Amino acid sequence: MMATGNYTDLTLYRRLWRQSRPYRLHIGGLFLLGLLSTPLALLAPLPLKIAVDSVIGSHPVPRFLDSLLPAAASQSKTAMLALAVGLLVAIVLLSQLQALGISLLRTYTGEKLVLNFRAHLFRHVQFLSLSYHDSRGSTDSTYRIQYDAPSIQWITIDGLIPFTTAGFALAGMIWVTARIDLQLALVALVISPILLLVSRAYGPRLRSKWHEVYKLQSSAMSVVQEVVAAVRVVKAFGQEDREQKRFMHHAHEGLWARLRVAIDEGGFGLLVGLITAVGTATVLLIGTRHVQSGVLTLGELLLVMTYLSQLFGPLQTLSSMAAHLQSSLASAERAFSLLDEAPDVAERQNASPISRAAGAVSFQNVSFTYDQHHPVLHDISFEIGPGTRVGIMGATGAGKTTLVGLLTRFYDPTEGRILLDAADLRDYRLADLRQQFAIVLQEPVLFSTSIAENIAYARPSAGHQDIVAAAKAANAHEFIVGLPQGYETRVGERGMRLSGGERQRISLARAFLKDAPILILDEPTSSVDVRTEAAILEAMERLMNGRTTFVIAHRLTTLKNCDTLLAIEDGRLVDRKAAVSEAASAGTVS
């Protein structure tokens, strides 16, 4: 059966099995424990039959029990009553032990499956190209990792295992019922294909609606994440009520989509209940006639009716799971579609390693476009030697940041090529290539850990002395030791417990610690005051010494010590001298 998305059900099941293969022994154990429910269910009504037919009535006990009991016990009603009571207690005890074993193994296996799947998704998302994240945003990936990944547990543990064991229970119930009364078994058996047809008819419709629900829920979540990240702007403009309305709009759309699914699932459940009720009524009618005609004893009828309730239980389980499974399959489809997103920037087979680059860079007729309608760079060509300081200037949106993004292979050129030490960037191992660059951004990115951990992010194995040395080189040591916990001070989410200048100096310290041969400074002083800028410029001068450096800046003070300038206008290199002269007369590079 085709799924409503890009995957067939069979494809999804195969991929889920491959994903869960490390835990196949755990799943096998759950399956075997689940199979124990069939004999326990078959034994459950037996004490009642013995009490009705052999204690209250005068019918003999079932043959398999009669062969196991002493002759005297078979003739004693007291012994038969004790047997019925003992069987009842034993069956309940075994059932509870089986349920406990399933619960413990199910919890352990399910959590491990979900953790492994989430880790797989999380790792893949980190390797996806920036163009993917730019176009999709972070919330969609977050939602799939957090809320769609558990589908592997819902399907493998909570779905397929009960589904399979219910099938065995169904077969067992029909076999036992047929041995008692073949006609009643045939009536019960007729219900199965009807329920199967109903579930197949509802499946694709439910899958499609669950896709809509998850998409709308992800949209509402994106509003929350966006507003929380920009809460200062929201407060500054007094737009709390507006954002609340925007969230409620998306949330209400998700609510109504969920209600539409509930209506469809309710209609499906109503049909299943009606079909099983008709089957039960038919068996009761025929069974009563058979008791009246002497074909069945009252105890046998009670046994058949008990089996019938247990027979229709698995049938309802199979049918309802076929419906609920659509929700999980929709989630699995979304998770696997994320895994199937191929990075735009891929590493070539047999890529060359690189330990430390000399730093010679050459752009040869490089053009880049995010899509056919948004060209960014046009036919860029230049060449610089190792240790050169390159200033890059241009208006906002001219393509300056994209230029250095190509250098670090955040993107690949649409046309042309970029060489590092006379070799195409695409010929190097990606991890090795990015080790050649230290980057300081306009808005420094810090993690909600300690200052020491943020500096050491460039080199996690660095010792405390190395961290302190890097902080001193970045003119950050003085303010760090003045904090209550010094280097162990937690910086808060995105480093918001620190000032902009302090965050930038920690970012510079991170670059010092990495000690990469090529340095990229993307407007590092644009958001700080003049005094802080002086301290940062002094640190930058030390950092640039002996390194190939690309500096993007709007202030001439930042570019005054550069060896060469690249002026970019509308994605093209323009006459550098004219641009510099114009910038000098204005006092800034624009």
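List of remarks:
- Here the Karplus curve 6.51 cos²θ - 1.76 cosθ + 1.60, taken at θ = phi - 60°, turns the phi angles of the stretch 464-473 into couplings of 4, 4, 5, 5, 5, 4, 5, 5, 5, 5 Hz, with x standing for Gly and Pro.
- Here's the picture: charge each Lys and Arg Cβ at +1 and each Asp and Glu Cβ at -1 in the chain, and of Leu255, Ala201, Ser381 the one pushed furthest to the positive end of that dipole is Ala201.
- Lysine-lysine proximity count for the chain, Cα under 18 Å, sequence distance 8 or more or distinct chains: 6
- The ranking of Trp154, Trp256, Trp17, Trp210 from fewest to most other beta carbons within 10 Å of each one's beta carbon is Trp256, Trp17, Trp154, Trp210.
- Once the C-beta distance of Arg242 and Arg497 is scaled by a Förster radius of 25 Å, the resulting FRET efficiency is 0.30 to the nearest 0.05.
- Between 0 and 90°, nearest 10: helix 182-229 axis offset from the chain longest Cα axis: 20 degrees
- Full-stretch length increase - Leu189, Leu40 - with 0.36 nm per residue and alpha-carbon distance subtracted: 51.5 nm
- For Thr414, residues with placed amide H under 5 Å, excluding near neighbours: Ser367, Phe368, Thr369
- Taking the C-alpha atoms only, the angle from helix 298-339 to the longest principal axis of the chain is near 10 degrees.
- By the count of neighbouring beta-carbon atoms within 10 Å, fewest first, Arg503, Arg136 end up ordered Arg136, Arg503.
- Annotation for the stretch 380-438 versus the stretch 86-150: alpha-carbon center distance of 41 Å.
- Here the gap between Ser355 and Trp175, fully extended at 0.36 nm per residue and compared with their Cα-Cα distance, gives a gain of 57.7 nm.
- Answer label, with Rg/Rh (Cα atoms, Kirkwood Rh) calculated from the coordinates and candidates [x] 1.18; [y] 0.96; [z] 1.05: [x]
- For Arg246, neighbours were defined as the other residues whose beta-carbon sits under 15 Å from its Cβ, and their charges (Lys and Arg +1, Asp and Glu -1) total -3.
- With respect to the chain, whose longest principal axis is taken over its alpha-carbon atoms, helix 530-544 is tilted by about 90°.
- Peptides 378-387, 456-465 ordered by average Cβ neighbours within 10 Å, highest first: 378-387, 456-465
- Cβ crowding within 10 Å, taken as a proxy for footprinting-reagent exposure, orders Met544, Met393 from fewest neighbours to most as Met544, Met393.
- Approximate spin-label separation Leu419-Asp515, in nm, with each point projected 7 Å along Cα-to-Cβ: 3.0 nm
- Average Cα contact separation per residue, the chain, under 8 Å, 6 or more apart, as relative contact order %: 14 percent
- Taking 0.36 nm per residue of separation and subtracting the current Cα-Cα distance, fully stretching the chain between Leu97 and Lys235 would add 44.0 nm.
No lab work stands behind these numbers, since they all come straight from the coordinates. Predicted model, so just to flag it, every value in this text is computed and none were measured. Cβ atoms come from the backbone with ideal geometry, glycine included; neighbour counts cover every protein chain shown.
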